[in-house]
Structure formats: C-alpha cells, structure tokens
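Every number in this text was worked out from the coordinates using simple rules, so none of it is lab data. This is a predicted model, so every value here is computed, not measured. Here the Cβ positions follow ideal geometry from the backbone for every residue, glycine too, while neighbour counts run over all protein chains shown.
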Amino acid sequence: MDMSPAHTSQRANDIAQVSRRPALKPAAAGTVSLAMGEPDFPTPAQVSSAGIAAIERGETHYADQNGLPQLRQAIAARTTLQTGRPYAPEQVVVTHGGTGGLSCVFLGLVDPGARVVMPEPTYSLYADLVALVGAEPVLVPLADDLHWDLDALAAALPGADAFVFCNPCNPTGIVHTAEELQFVARLLDGTDTLVISDEAYSGLVFGDATYSSVLNVPGLAERALLVQTFSKTYAMTGWRIGYVVAPQHLVAPIARIHRTINGSLATFTQHAALAALELTEAELMPMVTAYAERRDFAIQLLSGRDDICLGSPEGAFYAFLRYPYPVPSEAVANDLSDRGVLVRAGAEYGPHGEHAVRISFATSKASLRQGIDIICRYLDELADRHGQPQPTV
Ligand SMILES: Cc1ncc(COP(=O)(O)O)c(C=O)c1O
C-alpha cells in the first residue's frame, strides 16, 4: 500500500497551508520557557482525587456521548446562575477540551465557503479550523490598544456567516468589555450570523477588568455558541475536557460531530470535572492572584523600555509585546530561543500579530526575570543594529 505523502488529504493540506501553529517541544535544558499556554500549577487535589475515586469505583466504561447527565446538569445550572437565563442540560455537549468543542462547532455549523470574521491577532486554532471546513476567513485587525476596531468590525460583519473570538484573548490578554459585545450585538441585529465565543480564560481576569460572557448580552446570547474548557481555570490541560453551550436548535449538529469523532469521553475525567465545578472561588483564588502578581512583575520589568508596547493585559496569562524593529517575529522567536528563552511568535496569531511576541505568566517570577532579561538584552542588540526606534504607540 502506498503510504507516501501523496495520500495526504486535501483537507490536511489546506490546514498545513495556513497553519502557523508550531509543533510544541519541551524546553531544552537551561532554557527558560515563557511560551507555555498552560498553567504551571498542579490540578487541585480534590479534582484529581475525584478522578482517581471514579476509576477505583469502576467508572471506566462508556459514558453518555453528550456528557455525563450530572455534569451537563451542573454546567447548565452554573450557566443559568451566571447569566440569569434558563439553560437546560440538553443544551450542553461535553467535549474533548476547548479544542474539541471548537472543532465540533466548526464542523457541525460552518459550511465550505462561509465567511468567518475573526478579529486578529487571535488564538491560532481558529484559522486552522476555518481551513479544515473550507470556509473563508475575514481577518479584522485589532485597534492599537488591542481591543476590537469597532469601525472595522462594522465594515466586515455584514453578510458574515460566523464571528469567532476569544474573551479574555489569547494572545493579547485583553478582556473585551460588555460595551464591545453590545456593539457587536447591535451590528448583528436582524442577521443570521453565528457567534462563536471561546471563553477558555474566563476564570483568569485581573484587577478592575470585568469579564462579560457572550451569554450575558441580549442579542448575542440567542445566537451564541459558548465554548468553554476546564484546562486553564482548573489547571486541567491534560484531562482533556471542556464543553459547548448552544441554543437548543444548534445542539444536534454539534453532538453529531462530537460522537462521530470522539464517541464518548473518558468517564473518570468527567467525574473530575464535576469536582472542579464544586471548587469555591476562594479555592481557585491563589492561582488567579499568582498570575496577577506575575503580570505586574513582568510589566514592571519591561516598564523602562520605550521600544516595547504591551497594551494592558487584564486576563488570561499572556502579554503581547510589540517591538518596532523590522525583524519578523518568527526570526525573533528563533533568536530568543538561541539565547535561552522561548516565546511565541506574534505571526502565529495572524498577520497583524507580526512584529510582536507573546510571553506567558504561567511560570515562576524567577523564570520571568531571567527570560525578560534575555529579551531586553536582545532588544538592545536590535536597537544597535537597526537604530533607536520611535517610541511605540
Ligand atoms: C483561547 C483558547 N481556546 C481554547 C484553547 C484550547 O484549550 P483545551 O486545552 O481545552 O483544548 C486554548 C489553549 O491554549 C486557548 O488558548
């Protein structure tokens, strides 16, 4: 049988053409990683214990394909409480992380040729999923402050089949405000545009920033697919569990794709997720506080430089560092890796992510200090090579 690359499907080729997502490797010895998109905290003990107890009870067989009824019930109850709108367990599909949820939404609801509007830079998986389903990406650059450019959205959204974004945003750390969401609701009034809201970092919001779920906004809630994951808030990236909350009439296609690809999810993982939902805010707060302190620490370390602009990261655990030198971000990421610090190239997140790198606060202050020192020394080299820049906006 011929197993040559000629067998690669058109679909896989289409993704390969657009994808800027690097294959992730562990950091080499002696290298500091500010590239990680996952919590450096262990999964809370209560959660791991619930998973282990489920295995020991023999909960190791197929589960309901849409998710354990008690888990969907708990998710629906929590969503109802948070939004003041009634959500039924039948509106929840438990998925293989946020990645699985997004994949099911795209494959289930977005047709080839559909226009999918994406403010960018944004989470790099969306572009790959648009390619997977053969849709047409409509990229809308963010404003200088890394919030949405509302005029540009007003120009792009008419005729859109779907609008996809994350809030809080990876890679910018921006929390989109209720006003921004309400503006989009008004733009979409009277249309059939689907709104795909990836709220993976909703539990990681700092300081005065206020996060509004898409489900809290009239005009968006009725058309919204909320994609959520246990990965970030609960430090559960390896458990691979998330969910989609959908308007009732959109559940069946999502569930169809989910069971076609996944069948059911691991049963004990779902018991662990149920225990995660029972954690109190006070139990989760130490992680949020630690990210917030590290964010402040990183901002302080970078504050003396007028060649770095990082907006004001208010959520998730990222900062997006824009620099004014004419060096592509993938070259910068490679140079930094050679000098001992891993970061993510801004271009991974869209064309307007160029000339920026993403750093993550999901690491110790010592690593942040070491990594940012290396970044600063490297920027000094670039300044010597390319001349002192104009101060960034
Ligand atoms: C915005 C965003 N959505 C979804 C995901 C996927 O998370 P999961 O681990 O649940 O697949 C990530 C992971 O980095 C993310 O940053």
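Relative contact order, whole percent, for the chain stands at 24, derived from Cα pairs under 8 Å and 6 or more residues apart.
Considering only the other residues whose Cβ falls under 9 Å of the Cβ of R358, what net charge follows from Lys and Arg at +1 and Asp and Glu at -1? Taking every other residue near R358 into account, the sum is 0. Identify, among A131, G58, Q91, the residue whose Cα sits farthest towards the positive end of the charge dipole of the stretch 45-277, taking +1 on the Cβ of Lys and Arg and -1 on the Cβ of Asp and Glu, with the dipole about the Cα centre. Projecting each Cα onto the dipole axis, the largest value belongs to G58. Put a dot 7 Å past the Cα of Q388, heading toward its Cβ, do the same for A143, and the two dots end up 3.1 nm apart.
Taking the DSSP bridge list for the stretch 45-277 and keeping only pairs wholly inside it, about 30 percent are antiparallel. Sorted fewest first by neighbouring Cβ atoms within 10 angstrom, E179, E354, E281 come out as E281, E179, E354. Taking the Cα centre of the chain as reference, the dipole from Cβ charges on Lys and Arg (+1) and Asp and Glu (-1) amounts to some 800 debye.
Of all the options A143, A356, A221, the one that moves most in a Gaussian network model of the chain with Cα springs shorter than 10 angstrom is A143.
Reducing the stretch 86-110 and the stretch 176-222 to their Cα centroids gives an inter-centroid distance of 17 Å. Taking the Cα centre of the stretch 45-277 as reference, the dipole from Cβ charges on Lys and Arg (+1) and Asp and Glu (-1) amounts to some 900 debye. Between A135, A272, A16, find the one with the highest GNM mean-square fluctuation for the chain; connect C-alpha pairs within less than 10 Å. Sorting by GNM fluctuation, first place goes to A16. Label-to-label distance, M285 versus Y325, with points set 7 angstrom from Cα along the beta-carbon direction: 4.3 nm. Search the structure for amide H atoms under 5 Å from the amide H of R344, placed 1.01 Å from N in the peptide plane, and list their residues when 5 or more places away or on another chain. Close amide H contacts, sequence-distant or interchain: R358.
Candidates A290, N170, P326 compared by Cα position along the dipole of the chain: farthest toward the positive end lies A290, with charges placed on Cβ. A cut-off of 5 Å between modelled amide H atoms, ignoring neighbours fewer than 5 places along the same chain, links V138 with V116, V117, M118. Between V184, H7, L194, the Cα set farthest toward the positive side of the dipole of the chain (charges on each charged residue's Cβ, about the Cα centre) is that of H7. Note on Q46 and N216: the model spin-label points, each 7 Å out from Cα along the C-beta direction, lie 2.3 nm apart. Helix 97-109 axis versus longest C-alpha principal axis of the chain: approximately 70°, rounded to the nearest ten.
Would you compute, from DSSP H runs of 4+ residues alone, the mean residue ellipticity of the chain at 222 nm, taking -39500 (n - 2.57) per run and dividing by the full residue count, rounded to the nearest 500?
Values: 12 runs with 156 residues, N = 393.
Counting only the DSSP helices, I get -12500 deg cm²/dmol.
As a proxy for reagent exposure, C376, C166 were ordered by neighbouring Cβ count within 10 angstrom, fewest first; the result is C376, C166. The 3J(HN,Hα) values that the Karplus relation (6.51, -1.76, 1.60; θ = phi - 60°) gives for the stretch 155-163 are, in residue order, 6, 8, 6, x, x, 6, 8, 8, 10 Hz. Gly and Pro appear as x. Pick from G219, G340, G238: which is most flexible by mean-square fluctuation in a GNM of the chain where alpha carbon atoms under 10 Å apart are linked? So, out of G219, G340, G238, the one fluctuating most is G238.
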